[in-house]
Amino acid sequence: MPTTETDEHKALRDAVSALGKRHGRTYDREQLWSEAAKLGYLGVNLPEEYGGGGGGISELSIVLEELGAAGCPLLMMVVSPAICGTVIARFGTEEQKQTWLPALADGTRTMAFGITEPDAGSNSHRITTTARKDGTDWLLTGRKVFISGVDLADATLIVGRTETVSHREGRTGHLKPCLFIVPRDAQGFTRRQMDMELTAAEKQFELTLDDVRLPADALVGDEDAGLLQLFAGLNPERVMTAAFAIGMGRYALARAVEYARDRTVWDAPIGAHQAIAHPLAQAHIDLELARLMMQKAAYLYDAGDDVGAGEAANMAKYAAGEACVRAVDQSVHTLGGNGLTREFGLASLITAARVARIAPVSREMILNYVSHQTLGLPKSY
């Protein structure tokens, strides 16, 4: 893989950065989404024949990182083009591709993604949302939680399991998830906004599916493909979460560096003192190292190496989450009391930065993955 960015990637980064700076921290989400779509950024990873840019997760992660670094991240990029767009592009029927991909690329339609359940959490093998056949139709029943942007989405890509897969089989690792496109107005499909202390443009929802009837063509891919299809979306999700975290960390760090240059105490800028300068330098190093792993993960995924991308994407998400939390914490600390004021806009990032440690998979589960899959250590569960 290349160790430095191509000229095309540098140009994309510069262009998106300019867009982000025009909108800034007080951005209007709908306006930014629309403009990013018109410029081709939302669908940069989708196939050209379906209105996309013909790039990959490498390009899409640049877009999200630079918007985040400007203070205006678009969280639904993680979900709509990265997860849902990728899954449909790889496994969808021609009709599904024609229906969804051009609209996802030009921003006129968005799609949410529903996998997390109240009793499953990180253990996706305990998913209980059930899909059963009724003639040629499917009936979906179950619950989902912490589903982002359902109110903004035209449909939600729901992860269920066929009724023929038993709970016991699931617990022993034989999960065969199926993915269904559920329109927002489907009968029996209801949502409830969750009361979050996290401040974000995209809200979180609990979903209830009560015998939601779907036609046969709502199924994306093969009902027996199992984890292959699921991780086609989850690996990009991890890469994009890393981009989200790195962008946020860069935004916070830039505010702190600016403050450390300007804030003068005892006739010297506070940034001249190593107690201030060194932690900021370390935060920068951590973010750069996380970006390298993110770029590796994106490169492997775009090259079709799903196994290699899985390991790298988990590591990238872990590294970026840790780097983001440390960068935000140090940035707030650098500003002292000012770091907690609305004027400087950093305090709200304290909560937001934790998202990168928690979602879409906790750092502990990533450490489990690395210890089991990479190091070959035995499981404790």
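When you go through Arg13, Arg29, Arg22 one by one, which is the residue that is open to solvent by 50 Å² or more (accessible area, probe 1.4 Å) and within 29 Å of Gly345 (Cβ to Cβ)? If you could, list the steps in order and put the result at the bottom.
Numbers: Arg13 fails: open to solvent by 50 Å² or more (accessible area, probe 1.4 Å); Arg29 fails: open to solvent by 50 Å² or more (accessible area, probe 1.4 Å).
Residue meeting the stated conditions: Arg22.
Quick check on my filter: what residues within the stretch 340-381 are open to solvent by less than 60 Å² (accessible area, probe 1.4 Å), assigned to a helix (DSSP H, G or I) and without any contact (Cβ under 8 Å) to a residue 24 or more places away in the chain?
Selection gives Ala347, Asn368, Ser371, His372.
From the list Tyr301, Tyr251, which one is open to solvent by less than 40 Å² (accessible area, probe 1.4 Å), at pLDDT 95 or above and under 22 Å from Gly71 (Cβ atoms)?
Tyr251
What are the pairs with Cβ atoms under 9 angstrom where one residue, in the stretch 24-39, is without any contact (Cβ under 8 Å) to a residue 24 or more places away in the chain and the other, located anywhere, is assigned to a helix (DSSP H, G or I)? Sequence gap at least six, or different chains.
Listed pairs, sorted by first residue: Gln31/His23; Glu35/Leu19; Glu35/Arg22; Glu35/His23.
Check off (1) within 26 Å of Tyr381 (Cβ to Cβ); (2) open to solvent by 10 Å² or more (accessible area, probe 1.4 Å); (3) at pLDDT 95 or above for Glu169 and give me the number that stays unchecked.
So Glu169 meets the others, but not (3).
Going through the stretch 1-37 one residue at a time, which ones are of a type outside the set (Asp, Glu), more than 20 Å from the chain's Cα centre (by Cα) and assigned to a loop (DSSP other than H, G, I, E, B)?
Within the stretch 1-37, Met1, Pro2, Thr3, Thr4, Thr6, Gly24, Thr26 meet the criteria.
When both residues are 6+ apart or on different chains and their Cβ atoms are under 7 Å apart, which pairs have a first residue that lies in the stretch 206-222 and is closer than 18 Å to Glu94 by Cα, and a second that is open to solvent by 30 Å² or more (accessible area, probe 1.4 Å) and not charged (D, E, K, R)?
Once the first residue is closer than 18 Å to Glu94 by Cα and sits in the stretch 206-222, its partners that are open to solvent by 30 Å² or more (accessible area, probe 1.4 Å) and not charged (D, E, K, R) give Ala216/Thr136; Asp217/Thr93; Val220/Phe91; Gly221/Phe91.
Can you find a residue that is closer than 30 Å to Ala89 by Cβ, part of a helix (DSSP H, G or I) and open to solvent by 40 Å² or more (accessible area, probe 1.4 Å) anywhere in the stretch 318-335?
Yes, that holds for at least one residue.
Quickly run through the stretch 214-263 and pick out the residues that are aliphatic (A, V, I, L, M) and more than 28 Å from Ser362 (Cα to Cα).
Across the stretch 214-263, the qualifying residues are Leu214, Ala216, Ala218, Leu219, Val257, Ala260.
Please go through (1) open to solvent by 30 Å² or more (accessible area, probe 1.4 Å); (2) farther than 20 Å from Met294 by Cα for Gly114 and return the number of the only condition it doesn't satisfy.
Exception for Gly114: condition (1).
I need the full set of residues from the stretch 76-98 which are over 16 Å from Ile158 (Cα atoms) and crowded, with 22+ Cβ neighbours inside 10 Å, in order please.
Met77
The values are calculated or read from the model by the stated rules, or taken from the named source; none is laboratory data. Bear in mind the structure is a predicted one, so any value in this text is a computation, not a measurement. Quick reminder, even Gly has a Cβ in these numbers, built from the backbone with ideal geometry, and neighbours come from all protein chains shown. Note: accessible area is taken over every heavy atom of the protein model, side chains too, but ligands, DNA and RNA are not part of it. Shrake-Rupley method; radii C 1.70, N 1.55, O 1.52, S 1.80 Å.
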